[in-house]
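Peer 1: Here it is, the structure in full.
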């Protein structure tokens, strides 16, 4: 019986528009399904663990996965090249390293950084999978409002129904301009399912004057829900996992 005392840990980037989410689905393309096939071609089998799950259409610049390592690779860089031959163009192994079997990609993570990219110009068919088009009226208003989400809150009204553990802490939020795009940034240990997309949609409604700042505060206080819509997934990126 083989003793898997080591793990192969991969930092990956992927185009979420090509998949029905990161989690394995038997009859639809998924990030973990593609990884499983690529790993198998290189003699790597076993359970693949992922640091952060992403929904259909959500992208990643630096997600982290691990798989048991039954042999000692001669060169991690060569192995990375072999894996990328099977994964490109929609997934890329950014880096590989070896970790002890006690490492857990999800539970050892100290924080996750997500960013939502908003393009304020006219829709462009070549960007539509990677940004959300919205005419930003008052970026300073959004930058002020996003700060109320920092700290510990009951995110019941910024989560899907029947979500458990809705009391969550967000470490830091930011809203800033970058290369003619407006970016919303969220840093926390973890997030509820679709939580960032709920928050983003509320902020966009605030910018469009369809939601007041007082109403946003009431929804965050879990006293009344004014919006239950989600911002589109194509503007959301998992940027980094911190260990």
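Each reported figure results from applying straightforward, stated rules to the coordinates on display, with no laboratory input. Values in this document were obtained by computation on a predicted structure and should not be read as measured data. FYI the Cβ positions are ideal-geometry reconstructions off the backbone, even for glycines, and counts take in every protein chain you see.
Peer 1: Run the quick spin-label model on residue 138 and residue 150: label points 7 Å from Cα toward the beta carbon, then report their separation in nm to one decimal.
Peer 2: 2.1
Peer 1: Still on this structure, please answer the following. Let me know the shape class of the range 61-102, please: from the alpha-carbon gyration tensor, a ≥ b ≥ c as square roots of the eigenvalues, rounded when a/c is under 1.5, otherwise prolate if a/b is greater than b/c, or oblate. Write out the running numbers ahead of the final one.
Peer 2: Values: a/c = 2.24, a/b = 1.36, b/c = 1.65.
Here the range 61-102 falls in the oblate category.
Peer 1: Still on this structure, please answer the following. Which value, in Å to one decimal place, does the Kirkwood hydrodynamic radius take for the range 6-100 when every pair of different Cα atoms is included?
Peer 2: Numbers: mean 1/r = 0.0763 Å⁻¹.
About 13.1 Å for the range 6-100.
Peer 1: What Kirkwood Rh does the chain have if only Cα atoms enter the pairwise 1/r average? Answer in Å. Each step should come with its number before you reach the end.
Peer 2: Values: mean 1/r = 0.0523 Å⁻¹.
Hydrodynamic radius (Kirkwood, Cα only) of the chain equals 19.1 Å.
Peer 1: Quick one: compute a quarter of the convex hull surface over the Cα atoms of the range 136-243 and quote it in nm².
Peer 2: Numbers: hull surface 27.5 nm².
Answer in nm², one decimal: 6.9.
Peer 1: Now, a different point. Which whole-number percent gives the relative contact order of the chain, counting Cα pairs below 8 Å spaced six or more residues apart?
Peer 2: Values: 505 pairs, mean separation 57.7, N = 243.
Taking the mean separation of contacting Cα pairs over the length of the chain, I get 24 percent.
Peer 1: Related question: Given the rule -39500 (n - 2.57) for each run of at least 4 DSSP H residues, summed and divided by the residues of the chain, what is its mean residue ellipticity at 222 nm, to the nearest 500 deg cm²/dmol?
Peer 2: Details: 5 runs with 51 residues, N = 243.
Roughly -6000 deg cm²/dmol at 222 nm, from the helical runs in the chain.
Peer 1: What list do you get for 138, 27 if you sort them by fewest beta carbons within 10 Å?
Peer 2: Values: 138 13, 27 7.
With the sparsest Cβ surroundings first, the list reads 27, 138.
Peer 1: Another question about this same structure. Residue 47 to residue 209: FRET efficiency via 1/(1 + (r/R0)^6), r the Cβ-Cβ distance, R0 41 Å, to the nearest 0.05? Write out the running numbers ahead of the final one.
Peer 2: Details: r = 48 Å, r/R0 = 1.18.
Efficiency, rounded to the nearest 0.05: 0.25.
Peer 1: On full extension of the chain, what length is gained from residue 92 through residue 74, given 0.36 nm per residue of separation minus the C-alpha to C-alpha distance? Please report the intermediate quantities before stating the final value.
Peer 2: Details: separation 18, 0.36 × 18 = 6.48 nm, distance 2.05 nm.
Here the segment from residue 92 to residue 74 would lengthen by 4.4 nm.
Peer 1: Then there's this: Got the relative contact order for the range 131-225 handy, in percent, Cα pairs under 8 Å and 6 or more residues apart?
Peer 2: Details: 129 pairs, mean separation 30.2, N = 95.
Reported relative contact order: 32 percent.
Peer 1: Quick one: length gained pulling residue 129 to residue 104 fully straight, 0.36 nm per residue minus the C-alpha distance? Could the numbers behind the result be given before it?
Peer 2: Details: separation 25, 0.36 × 25 = 9.00 nm, distance 3.12 nm.
Net length gain for the segment: 5.9 nm.
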